[in-house]
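Working notes, structure below.
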Amino acid sequence: MNTQTINMLEYNKIKENLGSYAMNSATKKMIEKLEPSSDLSVIKSWMLDTTEAKLILEKSASVPIANLNGLEQVLDVHKKGLNLTAEQLTLIYGLLENVSRMQRYMKDKIYLAPAVSSYAYSMFDLSDLKEEIYRCIRNGQVDDHASKALSKVRKKIAVAEERIKSKLDNMMKSAAYRDMLQDSIVSMRDGRYVIPVKSKFKRNIDGQILDSSSSGATVYMEPNDIRKLQTEISVLRAEEEIEISIILGVLTGMVAAYERELHVTIEAMIHYDYIFAKAKYSRVLDARGVEINQDNVIRIINGKHPLLGEKCVPLNFNLGEGYQSLVITGPNTGGKTVAIKTVGLLTLMVQSGMHVPVGEGSQFSVFRELFVDIGDGQSIEQSLSTFSSHMTNIISIMKKAGPQDLIILDELGAGTDPSEGMGLAVAILEKLYSQGSMILATTHYSEIKEFAAATPGFENGSMEFDLETLQPMYRLIIGKAGNSQAFAIALKLGMDQEIIHRAQVVTDQNGYPHVDKAKESILSTIDRSGLENLREKAKSRVKKQQEKPRNSEDIQEETFQVGDRVYLSSLKTAGIIYELENKHGEFGVMVGEKKHMIHKKRLKLHIQSNMLYPENYDMDIVFESKENRKKDKLMNKRHIEGLSIEREID
């Protein structure tokens, strides 16, 4: 996977979290280099390892993973012509002892976890090496019984040291030396025994000064009576070192002979550390293994972003079943970016063989490559450099993208002129779709929502919004385009109601032709408290109409008023009544910016005008262009030669 995808989806944070559950530094380094695979068989094998390791942990949490820290460097020591130290041999013994424990541990797990338990038998026990190290090395030191020669020389050292201590004890207790000594403690300097003598008496004792105190009041002297014994000990110490070197050389040779087996064993132990780290992380995330396919189908049930914790609202998501591209819309801070990041990050985790926090029945597709462009679409400052950066990235994506690729684009077309950005966004989506890529995109443009609704292979999605509280619900709804909720939020914050109405009209007139889904938000985006007055009037009008006696003709036909929102069955869209019924039974209906004459039998009342507009509202604002309204105003004042108003009616 490319570096940009890894960084934008915060995959490295997942690896950091995973690494915290590994015991060994070598395992942590391996996790740092971990990358998603695009090989289905490899991913399934990795996923099986994680699943079986988790089953083992649920039965027994104490897995005997060896401490490998420093071991890989140990195996290279002999190549430099050096002997292994006793401490290094102790590390090797610990590894081999862990191999025995691991093989015993996995023996009864073969039915529970056949794949994971089998790895234990790829490790080498090397019992002869293990027993020889145990015989020769104890507590990080070469043992006395490692060889007869070593045992003999150490006994001689012990006898000589005992004789020295005896002589020194006699001197310390002697009345002749009592006043000359600073205290009655024997110490060592440079490996030789010395006594503390007051500086003024240093010439009274036959011996050699080896050290003095910082104040100069005490000198540490080696009496001549014990110098000969100490020289003898020095010779014995040299013999001891030679014998130790011989023993370590033999053990180092045995280790070198088993170098390949030890490397294989270390790799197997690192692999165990790694798969059990994945299993531990799975338990922490309350994650599970998922079904994997190569059919470009993603189905996420109650999925959670692994970095957001338990407070994350579960995501339900589908892609590749009936549509190839999903366009998600909704208000800022509504969770669109989190939703697409969740899909992308969970995909990377699955293709790395990790469990993911989703519900049962979820499945993921294996993608050859995952391309991502996620920017700050909610930023007020959208500079040219920001737009250029996103375009450069998207151009690169389009050059590389193809079938078996997943493309994730956040706030597509943002950062430039809205009309140009919308056009670019549609063209980019069409191009990527034609290349066979799976597409997941977010946008604020209503035209793109309508493009997705009208184009085969595309589907709309939206983030749920609570109109009562004006708070995002962070839930994804597929099959329904979302609204920015700008009108509702502005009205809630105190914006004048007539301004909101005018904004709705302007938005409705500039809609995408042929598709009217985005326009259905007019009523839903107006705050209930702000329209309570209008609704009461509407209820009163309905009540009066219901109280009137109705004949059969009234029952069969509906009556419409100017400003009523109606559904046109012939055009399969909605419009506004701008002209009352003519002698042919036709009403004037405005759809988008076009005006039509439609027979009343093809019209159905959707929303009454007094539910949409204030009392005595100037409907010319809705039906006439700004230019025509200016002309009409001038013509009402006086006659102007050559001035006329043209209206197109279908």
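Results for (1) within 44 Å of the chain's Cα centre (by Cα); (2) on the phi < 0 side of the Ramachandran plot; (3) buried (at least 20 other Cβ atoms within 10 Å of the Cβ); (4) of a type outside the set (K, R), shown as yes or no for each residue.
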position: E87; (1), (2), (3), (4): yes, yes, no, yes
position: I92; (1), (2), (3), (4): yes, yes, yes, yes
position: L95; (1), (2), (3), (4): yes, yes, yes, yes
position: Q103; (1), (2), (3), (4): yes, yes, no, yes
position: A115; (1), (2), (3), (4): yes, yes, no, yes
position: S122; (1), (2), (3), (4): yes, yes, no, yes
position: D128; (1), (2), (3), (4): no, yes, no, yes
position: R135; (1), (2), (3), (4): no, yes, no, no
position: E161; (1), (2), (3), (4): no, yes, no, yes
Problem set entry | Any pair with Cβ under 6 angstrom, 6 or more apart, that starts in segment 267-284 at a residue that is closer than 15 Å to A61 by Cα and ends at one that is small (G, A, S) and outside any helix (DSSP H, G or I) | D273/A22; A277/A22
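Considering L346, L326, which residue is over 30 Å from F487 (Cβ atoms), of a type outside the set (F, W, Y), outside any loop (DSSP other than H, G, I, E, B) and at pLDDT 90 or above?
Details: L326 fails: over 30 Å from F487 (Cβ atoms).
After ruling out the rest, the residue left standing is L346.
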Exercise. Does segment 28-36 include one or more residues that are more than 18 Å from I270 (Cβ to Cβ) and under 22 Å from the mean Cα position of the chain (by Cα)?
Worked result: yes
Exercise. Quick one: H355 ticks every box in (1) of a type outside the set (K, R); (2) crowded, with 22+ Cβ neighbours inside 10 Å; (3) in contact with a Lys or Arg (Cβ under 9 Å, 6 or more places away or on another chain); (4) modelled with pLDDT under 95 bar one, so which box is it?
Worked result: (4)
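May I ask you to list the residues in segment 448-464 that are part of a strand (DSSP E or B) and either modelled with pLDDT of 80 or more or more than 16 Å from L315 (Cβ to Cβ) (or both)? Show your work before the answer.
The initial filter retains those residues of segment 448-464 that are part of a strand (DSSP E or B), namely 458-464.
Residues satisfying the conditions are F458, E459, N460, G461, S462, M463.
Given the options S151, S147, name the one that is in contact (Cβ under 8 Å) with a residue 40 or more places away in the chain and more than 44 Å from the chain's Cα centre (by Cα).
On the way: S151 fails: in contact (Cβ under 8 Å) with a residue 40 or more places away in the chain.
Only one candidate qualifies: S147.
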Exercise. Could you give every pair whose Cβ atoms fall below 6 Å, whose first residue belongs to segment 401-430 and is closer than 20 Å to G330 by Cα, and whose second residue is of a type in the set (A, V, I, L, M, F, W, C) and part of a strand (DSSP E or B), counting only separations of at least 6 or pairs across chains?
Worked result: I407/F371; I407/I439; I408/V372; I408/L440; L409/A441; L412/A441
For this session: Please verify whether segment 232-241 includes one or more residues that are surrounded by 21 or more Cβ atoms within 10 Å (Cβ to Cβ) and either assigned to a loop (DSSP other than H, G, I, E, B) or of a type outside the set (V, I, T) (or both).
Result: no
Problem set entry | Filtered residue count, segment 566-617, keeping only those that are more than 53 Å from the chain's Cα centre (by Cα), over 24 Å from A503 (Cα atoms) and not in a helix (DSSP H, G or I) | 11
Seminar exercise, completed: Here the residues within segment 188-231 that are of a type in the set (G, A, S) and exposed (fewer than 13 other Cβ atoms within 10 Å of the Cβ) are G191, S213, S214, S215, G216, A217
Exercise. Can V235 be described as closer than 29 Å to V77 by Cα and either of a type outside the set (A, V, I, L, M, F, W, C) or touching a residue at least 40 places away in the same chain (Cβ under 8 Å) (or both)?
Worked result: no
Problem set entry | Total residues in segment 329-343, condition more than 18 Å from the chain's Cα centre (by Cα) and either at pLDDT 95 or above or not in a loop (DSSP other than H, G, I, E, B) (or both) | 1
Exercise. If a residue has to be touching a Phe, Trp or Tyr at 6+ places or on another chain (Cβ under 7 Å), among the aliphatic types (A, V, I, L, M) and part of a helix (DSSP H, G or I) to count, how many in segment 13-30 make the cut?
Worked result: 2
Problem set entry | Some residue of segment 187-206 being farther than 17 Å from K173 by Cα and β-branched (V, I, T) | no
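For K341, state whether it is basic (K, R) and surrounded by fewer than 24 Cβ atoms within 10 Å (Cβ to Cβ).
On the way: basic (K, R): yes; surrounded by fewer than 24 Cβ atoms within 10 Å (Cβ to Cβ): yes.
Criteria met by K341.
The values are calculated or read from the model by the stated rules, or taken from the named source; none is laboratory data. Since the structure is predicted, the reported quantities are computational estimates derived from the model, not experimental observations. No Cβ is skipped: glycine too gets one built from the backbone with ideal geometry, and neighbour counts run over all protein chains shown.
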